[in-house]
Amino acid sequence: LPIIRAFGYLKKAAASVNQEFGLDSKLVVAICQAADEVISGKLDEHFPLVVWQTGSGTQSNMNVNEVIANRAIEILGGVLGSK
(Lines give C-alpha, C1' and ligand atoms only; values in the text may rest on other atoms or scores of the structure.)
Protein backbone atom coordinates (compact mmCIF):
# COMPACT_ATOMS: atom_id res chain seq x y z
CA LEU A 1 0.00 0.00 0.00
CA PRO A 2 2.54 2.65 -1.07
CA ILE A 3 -0.08 5.39 -1.33
CA ILE A 4 -1.19 4.79 2.26
CA ARG A 5 2.41 4.91 3.46
CA ALA A 6 2.86 8.18 1.57
CA PHE A 7 -0.17 9.60 3.36
CA GLY A 8 1.48 8.54 6.64
CA TYR A 9 4.57 10.59 5.80
CA LEU A 10 2.36 13.53 4.82
CA LYS A 11 0.34 13.44 8.05
CA LYS A 12 3.51 13.12 10.15
CA ALA A 13 5.03 16.15 8.41
CA ALA A 14 1.82 18.13 8.85
CA ALA A 15 1.75 17.40 12.59
CA SER A 16 5.38 18.48 12.95
CA VAL A 17 4.80 21.74 11.07
CA ASN A 18 1.63 22.49 13.02
CA GLN A 19 3.55 22.15 16.28
CA GLU A 20 5.37 25.32 15.22
CA PHE A 21 1.95 27.00 15.07
CA GLY A 22 0.77 25.89 18.48
CA LEU A 23 -0.39 22.27 18.19
CA ASP A 24 0.12 20.67 21.61
CA SER A 25 3.34 18.64 21.73
CA LYS A 26 1.52 15.64 23.29
CA LEU A 27 -0.79 15.55 20.28
CA VAL A 28 2.15 15.88 17.91
CA VAL A 29 3.93 12.93 19.52
CA ALA A 30 0.77 10.77 19.39
CA ILE A 31 -0.01 11.72 15.78
CA CYS A 32 3.58 11.08 14.70
CA GLN A 33 3.60 7.69 16.46
CA ALA A 34 0.32 6.74 14.78
CA ALA A 35 1.66 7.94 11.42
CA ASP A 36 4.79 5.83 11.94
CA GLU A 37 2.53 2.82 12.49
CA VAL A 38 0.79 3.58 9.18
CA ILE A 39 4.16 3.96 7.45
CA SER A 40 5.44 0.65 8.87
CA GLY A 41 2.33 -1.21 7.72
CA LYS A 42 1.25 -2.08 11.26
CA LEU A 43 -2.24 -0.67 10.62
CA ASP A 44 -2.73 -2.05 7.09
CA GLU A 45 -5.88 -3.95 8.08
CA HIS A 46 -7.63 -0.59 8.49
CA PHE A 47 -7.17 0.28 4.82
CA PRO A 48 -9.43 -1.85 2.62
CA LEU A 49 -8.78 -1.51 -1.08
CA VAL A 50 -11.80 0.10 -2.71
CA VAL A 51 -12.04 -0.12 -6.48
CA TRP A 52 -14.55 2.71 -6.88
CA GLN A 53 -12.69 5.83 -5.91
CA THR A 54 -12.37 9.22 -7.55
CA GLY A 55 -9.06 10.52 -8.83
CA SER A 56 -8.70 13.01 -6.01
CA GLY A 57 -8.07 10.34 -3.36
CA THR A 58 -10.51 11.93 -0.93
CA GLN A 59 -11.71 8.57 0.37
CA SER A 60 -8.16 7.37 1.09
CA ASN A 61 -7.22 10.68 2.70
CA MET A 62 -10.26 10.57 4.98
CA ASN A 63 -9.54 6.92 5.85
CA VAL A 64 -5.97 7.78 6.83
CA ASN A 65 -7.20 10.74 8.91
CA GLU A 66 -9.63 8.51 10.82
CA VAL A 67 -7.10 5.74 11.43
CA ILE A 68 -4.40 8.14 12.64
CA ALA A 69 -6.84 10.12 14.79
CA ASN A 70 -8.28 7.02 16.46
CA ARG A 71 -4.85 5.48 17.00
CA ALA A 72 -3.56 8.77 18.48
CA ILE A 73 -6.53 8.79 20.88
CA GLU A 74 -5.56 5.27 21.99
CA ILE A 75 -1.91 6.29 22.40
CA LEU A 76 -3.00 9.19 24.61
CA GLY A 77 -5.04 6.79 26.77
CA GLY A 78 -8.44 7.76 25.44
CA VAL A 79 -11.35 5.62 24.31
CA LEU A 80 -11.36 4.64 20.64
CA GLY A 81 -13.81 6.81 18.70
CA SER A 82 -14.40 9.20 21.59
CA LYS A 83 -13.35 12.44 19.89
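Hey, among Glu20, Glu37, Glu74, which residue is among the acidic types (Asp, Glu), modelled with pLDDT of 95 or more and in contact with a helix residue (DSSP H, G or I) (Cβ under 7 Å, 6 or more places away or on another chain)?
On the way: Glu20 fails: in contact with a helix residue (DSSP H, G or I) (Cβ under 7 Å, 6 or more places away or on another chain); Glu74 fails: in contact with a helix residue (DSSP H, G or I) (Cβ under 7 Å, 6 or more places away or on another chain).
Just a single option satisfies the conditions, and that option is Glu37.
Applying the selection to segment 55-66, what residues are closer than 14 Å to Ala15 by Cβ and either free of Cβ contacts under 8 Å to residues at least 40 places away in the same chain or among the hydrophobic types (A, V, I, L, M, F, W, C) (or both)? First the steps, then the outcome.
So the first thing to find is which residues in segment 55-66 are closer than 14 Å to Ala15 by Cβ, and the list is 64-65.
Listed by number, the list holds a single entry, Val64.
Matching residues to (1) over 13 Å from the mean Cα position of the chain (by Cα); (2) assigned to a helix (DSSP H, G or I); (3) farther than 10 Å from Ile68 by Cβ:
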site: Arg5; (1), (2), (3): no, yes, yes
site: Tyr9; (1), (2), (3): no, yes, yes
site: Ala15; (1), (2), (3): no, yes, no
site: Asn18; (1), (2), (3): yes, yes, yes
site: Phe21; (1), (2), (3): yes, no, yes
site: Ala34; (1), (2), (3): no, yes, no
site: Glu37; (1), (2), (3): no, yes, no
site: Glu45; (1), (2), (3): yes, yes, yes
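The values are calculated or read from the model by the stated rules, or taken from the named source; none is laboratory data. Since this is a predicted model, take the numbers as computed values, not measurements. Ideal geometry is used to build each Cβ from the backbone, glycine not excepted, and the neighbour counts take in all protein chains shown.
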